[in-house]
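Enquirer: One structure, as structure tokens, below. Some questions next.
The values are calculated or read from the model by the stated rules, or taken from the named source; none is laboratory data. Every value quoted in this text rests on a predicted model; they were computed, and no experiment measured them. We place every Cβ from the backbone using ideal geometry, glycine too, and count neighbours over all the protein chains shown. The accessibility values were calculated without ligands, DNA or RNA, using every heavy atom of the protein model including side chains. Shrake-Rupley method; radii C 1.70, N 1.55, O 1.52, S 1.80 Å.
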Amino acid sequence: MMLPLQGAQMLQTLEKYLRKSLPASLKVYGTVFHMNHGNPFNLKALVDKWPDFNTVVVCPQEQDITDDLDHYTNNYQIFSKDPQNCQEFLGSPELINWKQQLQIQSSQPSLNEAIQNLAAIKSFKVKQTQCILYIPCETAKELAPFLLESKNISPSGVKTKTINQEMFKLSSMDVAHADLVNKFWYFGGNERSQRFIERCIQTFPSFCILGPQGTPVCWALMDQTGEMRMAGTLPEYRDQGLVTYILNYQSQELGKLGFPIYSHVDYRNEAMQRVSYNLRHIPIPRGWNQWNCVSL
């Protein structure tokens, strides 16, 4: 059985329930938070039952799924209180069209077994990507204070280099800058990812540092789940502390808006792990999961 949650009261109640399950529910919690603040990506939330749900899935509206190959749009955020027994619900053809190229994102690595089982049943190929989930101390203090017991954070306050005000200027991204972001984004580099980046720039706050030519040399965006994503720096401007500066500024500004703030870093990206440590972001290993699904 699949129940769509309609109306502000049900979605606000869902947000409260999800908050109690952080950080496992973070990807879905962040998405529902923005659904409760205007729903700028026009998403919907579905549960197996209500109010005592086991599994919740957030996904696009049917009318927005117009390209079967666009896994950036065909994106599903999942949280389950019972990951070992959610396979039947996730396998419902009314819930997810497994013949499309799609992405599943979750803060729960334990969903992997159900998704792999569905891959065998539904005949699709699946690739799991796991990264380190990072949550700023201030966000943890507000949403999940028990995480502050972690000792894997910088003992001192956040320290960032000051930027040369004559050479660099803080600004926001313009949709015309999407091709630059797309070029350097690990998950991008194609026409569909560029459309997704354009939509994120048009919809959510974005941040960048303009260089001497008046164009971005360092930037950071956010997506429909509230995650700080797609940060990058032009190669010739790296090792100057710019990405630390822009991520710290982004975190402060989003915090003022009350947004849940988090990000992810690849296990091989030691430089960004050091940046996250210096920003006093709390690491949650295996806390960021993405499954890319392609029909065979």
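Enquirer: Shape call for segment 46-198 from the C-alpha gyration tensor, a ≥ b ≥ c root eigenvalues: rounded (a/c under 1.5), prolate (a/b greater than b/c) or oblate?
Expert: It comes out oblate by the Cα gyration axes.
Enquirer: In degrees from 0 to 90, rounded to the nearest 10, what is the angle of the helix 191-203 Cα long axis to the longest principal axis of the chain?
Expert: 70 degrees
Enquirer: Out of the total accessible area of the chain (probe 1.4 Å, heavy atoms of protein only), what percent is carbon and sulfur?
Expert: 48 percent
Enquirer: Using a Förster distance of 51 Å, how high is the FRET efficiency between GLN63 and GLU166, based on the Cβ-Cβ distance and rounded to 0.05?
Expert: 0.55
Enquirer: Loop only by DSSP, 11 or fewer other Cβ within 10 Å of the Cβ. Give me the chymotrypsin sites (Phe, Trp or Tyr not before Pro) in segment 191-296 that pass, ordered by residue number.
Expert: TYR267
Enquirer: What is the packing order of peptides 70-76, 96-102, taking the mean over residues of other C-beta atoms within 10 Å and listing the highest first?
Expert: Averaged packing, sorted descending, gives the order 70-76, 96-102.
Enquirer: Pull out a ≥ b ≥ c, the square roots of the eigenvalues of the alpha-carbon gyration tensor of segment 1-97, then state rounded if a/c is under 1.5, prolate if not and a/b is larger than b/c, and oblate in the remaining case.
Expert: Oblate, because a/c is 1.5 or more while a/b does not exceed b/c.
Enquirer: Express the accessible area of segment 3-131 per residue in Å², computed with a 1.4 Å probe while the remaining protein chains stay in the model.
Expert: With all protein chains present, segment 3-131 gives 43 Å² per residue.
Enquirer: Sticking with this structure for a sec: To test your reading of the geometry: what angle, between 0 and 90 degrees and rounded to tens, separates the Cα axis of helix 112-122 from the longest principal axis of the chain?
Expert: That works out to roughly 50 degrees.
Enquirer: Enumerate the amide H contacts of ALA231 below 5 Å, restricted to partners 5 or more residues apart or on another chain; note that Pro and chain-start residues carry no placed amide H.
Expert: LEU221
Enquirer: Could you report the accessible area of ARG280 in Å², rounded to 10, computed with a 1.4 Å probe on the protein chains as they sit in the structure?
Expert: Taking all protein chains as shown, ARG280 has close to 60 Å².
Enquirer: Taking amide H positions as placed 1.01 Å from N in the peptide plane, with prolines and chain starts having none, which residues 5 or more places from LYS44, or on another chain, fall under 5 Å of its amide H?
Expert: Long-range HN contacts for LYS44: CYS59, GLN61.
Enquirer: Rank LYS49, LYS20, LYS44 by accessible area, highest first, at a 1.4 Å probe radius?
Expert: Descending accessible area places them as LYS20, LYS49, LYS44.
Enquirer: Continuing with this model, one more query. Report the longest stretch of the chain that contains none of the GluC sites (Glu not before Pro) sitting in a DSSP loop with at most 15 other Cβ atoms within 10 Å.
Expert: 167-296
Enquirer: Given a 1.4 angstrom probe, what's the average accessible area per residue across segment 154-279, in square angstrom?
Expert: Per-residue accessible area for segment 154-279 comes out at 50 Å².
Enquirer: Dimensions of segment 241-288 along principal axes (Cα, Å, largest first)?
Expert: That gives 31, 25, 13 Å along the principal axes, largest extent first.
Enquirer: What are the ³J(HN,Hα) values, in whole Hz, obtained from phi via the Karplus relation 6.51 cos²θ - 1.76 cosθ + 1.60 with θ = phi - 60°, for each residue of segment 223-231 in sequence order, with x given for Gly and Pro?
Expert: 10, 5, 8, x, 7, 6, 9, 6, 5
Enquirer: Still on this structure: Would you please calculate the Kirkwood hydrodynamic radius of segment 154-279 over all C-alpha pairs and express it in Å, rounded to one decimal?
Expert: On the way: mean 1/r = 0.0673 Å⁻¹.
The answer is 14.9 Å.
Enquirer: Normalising by the residue count of the chain, find the relative contact order in percent from Cα pairs under 8 Å and 6+ residues apart.
Expert: Values: 541 pairs, mean separation 72.4, N = 296.
Averaging sequence separation for qualifying contacts and normalising by length gives 24 percent for the chain.
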